[in-house]
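Remarks on the structure that follows.
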Amino acid sequence: MLAKLSLRTRIFLFFCLLASGGIVIPSGGLLYAYARAGEPELLDPFIFSGVIIVFLTLALVTGVWLLFDENVAKPIERIAASLRVRAHTDQNVEIDQTIAKHLGDLGPAARAVADQLTQGAQRAASAVMSETARLSAEKARLTTLLSDIPIAVIVVNPAHQIVLYDSQSANVLSQVAHPQLNTSLFRYFESTAITDAYTKLTKIGHSVKTTLKMTNGVQQYEAILKPLDDALGYMLVVETGNGQNSDDNTRSLIYDFNLLRHETSVELRDQSLSDLCFVVFDSETTGLTPSQDEVVQISAVRIVGGRIIENEVFDELVDPGKPIPRSVTNVHKITNAMVQGRPRFVDVASSFHEFCSNAVIVAHNAPFDMAFLHRYAPQMGIKWNHPILDTVLLSAILFGSSEEHTLDSLSQRFGVIIPDESRHTALGDAQATAEIFCNMLPILEARGFSTLADVIEECQRHSRLLEDLNEKNKF
């Protein structure tokens, strides 16, 4: 019978229960006091009945609140979270009807709306598939044409940040550091020749030749700066003298043309989430005590423009300088033989610090992983003063503190599949965390958290769950 009641009727019954208790409890207390009035007792019957009334009222209100929270508040919160996921991501997440069994028609109505959203998304997806296929074919033709040409191509915005690079230019840039989108060109090449050539380019409006020296002081290349028609920025063509890609004969292109319009003068904390670069990382260790255990693997991927950049990956095994317990190896599958001869953590962490340059660091349960980095920071002479976001806290913001926020539960919620062989590996977990985070970004923006400062401020309100790693840093 209760299953047929409407949501309004159910809520009405909650208030009826409160009203009934509000009448019965005081009435019973007064009747008790009246019946015992005049009897010799240590405590006045009316005072005693008053105490009983207070405690019974509190018990009633607590019980009704627990019923309301479990059967109304939590289910509404879960349905809202599921609708957010369906509305702002491409995940076809099913709305669990069992959680809405006490909410009348709300559950079926929410599912109907979600199904309509899915159908609309599918129609839109089919409409752009043909255009995507055409663009992919054009990209394939372009990369094929570039494959045998002994030049490296880099597209740069007016702030001298990398917007596009190919595998030839990646080979050149990697002589100094990892090639990365949205990273200053001056990280790889000395700035004077570039700025002088760019100044001349903006005046004369056509190609300018120059000689570039790399910041490691070893290599130098002949290059040409070319204007980008009506677009801002320029194309840097570097003569490498080598027409073969180091991996294969097909040249890959890594790009995000939205970076041509990227505004670099805005403070990091005031930048929108879509304009930020993120490094999502994970580590595997010899145990669960950061003050005593050691890292055996650290891996990371980069997110630019809200998407994972496939080629920009950090993945290193580390010699921990101590045996890996067999019980730990059974979890992450990293053996003592695998780390023998690998670099020590100080060297790997220094490279990782460089990989994280100008980025927001993201991790799942970040205090644990960051504790190892902070522990060795003084020895390396560096500071981890990056903004840090934790997907545990972000999940609490989006789905409520009462929900599960484990990596597995978030993967299930967002439809992220972690292959069994990748689970509990640093790279596999970092990749999964990055996919989860990419799905979180549009939901955060839809909730009104449009800038990094907005997100950090909200995370600090949930810092009772985890340590706030941004408290001492100013961005």
Selected residue [in contact with a Lys or Arg (Cβ under 6 Å, 6 or more places away or on another chain) and modelled with pLDDT of 95 or more] from D315, D319, D293: D319
Residues of the range 198-217 classified as hydrophobic (A, V, I, L, M, F, W, C), open to solvent by 50 Å² or more (accessible area, probe 1.4 Å) and modelled with pLDDT of 95 or more, total: 0
In the range 240-271, residue modelled with the lowest pLDDT [restricted to those that are touching an Asp or Glu at 6+ places or on another chain (Cβ under 8 Å) and among the small types (G, A, S)]: G243
Some residue of the range 350-365 being open to solvent by less than 30 Å² (accessible area, probe 1.4 Å) and farther than 30 Å from L232 by Cβ: yes
Residue that is modelled with the highest pLDDT, among those in the range 396-429 that are open to solvent by 60 Å² or more (accessible area, probe 1.4 Å) and in a loop (DSSP other than H, G, I, E, B): T406
Which numbered condition L427 fails, given (1) among the aliphatic types (A, V, I, L, M); (2) closer than 30 Å to V346 by Cβ; (3) in contact with a helix residue (DSSP H, G or I) (Cβ under 9 Å, 6 or more places away or on another chain): (3)
Selection count where residues are open to solvent by less than 50 Å² (accessible area, probe 1.4 Å) and touching a helix residue (DSSP H, G or I) at 6+ places or on another chain (Cβ under 6 Å), scope the range 64-82: 4
Tally of residues being under 37 Å from the mean Cα position of the chain (by Cα) and among the hydrophobic types (A, V, I, L, M, F, W, C) across the range 50-81: 10
Count of residues meeting criterion [of a type in the set (S, T, Y), under 20 Å from P367 (Cα atoms) and out of contact with any Phe, Trp or Tyr (no Cβ under 9 Å at 6 or more places or on another chain)] in the range 383-410: 4
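Here's the yes/no breakdown for (1) buried (at least 23 other Cβ atoms within 10 Å of the Cβ); (2) part of a loop (DSSP other than H, G, I, E, B); (3) of a type in the set (G, A, S):
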residue	(1), (2), (3)
I154	yes, no, no
A159	no, yes, yes
L164	no, no, no
Q168	yes, no, no
A177	no, yes, yes
N182	yes, yes, no
A193	no, no, yes
D196	no, no, no
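Yes or no, residue by residue, for (1) surrounded by 14 or more Cβ atoms within 10 Å (Cβ to Cβ); (2) of a type in the set (A, V, I, L, M, F, W, C); (3) not in a loop (DSSP other than H, G, I, E, B):
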site: L259; (1), (2), (3): yes, yes, yes
site: V266; (1), (2), (3): no, yes, no
site: E284; (1), (2), (3): yes, no, yes
site: T289; (1), (2), (3): no, no, no
site: Q292; (1), (2), (3): no, no, no
site: R302; (1), (2), (3): yes, no, yes
site: I308; (1), (2), (3): yes, yes, yes
Where a residue in the range 322-347 is more than 30 Å from K383 (Cβ to Cβ) and part of a helix (DSSP H, G or I) and its partner, wherever it lies, is of a type in the set (D, E) and modelled with pLDDT of 95 or more, with Cβ under 9 Å and at least six apart: V331/E284
Inter-residue pairs, beta-carbon under 6 Å, first small (G, A, S) and in the range 285-297, second modelled with pLDDT of 95 or more and in a loop (DSSP other than H, G, I, E, B), 6+ apart: G287/D293
Single residue of E312, E316 found to be closer than 28 Å to Q175 by Cα, surrounded by 17 or more Cβ atoms within 10 Å (Cβ to Cβ), acidic (D, E) and within 18 Å of the chain's Cα centre (by Cα): E312
Hits in the range 224-239 (condition: more than 37 Å from the chain's Cα centre (by Cα) and either open to solvent by 40 Å² or more (accessible area, probe 1.4 Å) or touching a residue at least 24 places away in the same chain (Cβ under 8 Å) (or both)): E239
Residue match in the range 441-460 (condition: hydroxyl-bearing (S, T, Y) and open to solvent by 40 Å² or more (accessible area, probe 1.4 Å)): yes
I382 being part of a helix (DSSP H, G or I) and modelled with pLDDT of 90 or more: no
Residues of the range 351-384 that turn out to be of a type outside the set (A, V, I, L, M) and more than 23 Å from the chain's Cα centre (by Cα), as a count: 5
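The values are calculated or read from the model by the stated rules, or taken from the named source; none is laboratory data. It should be emphasised that the depicted structure is a prediction, and the values quoted were computed from it without experimental measurement. Quick reminder, even Gly has a Cβ in these numbers, built from the backbone with ideal geometry, and neighbours come from all protein chains shown. Each accessible area value is taken on the protein alone, full model and side chains, heavy atoms only, with ligands, DNA and RNA left out. Shrake-Rupley method; radii C 1.70, N 1.55, O 1.52, S 1.80 Å.
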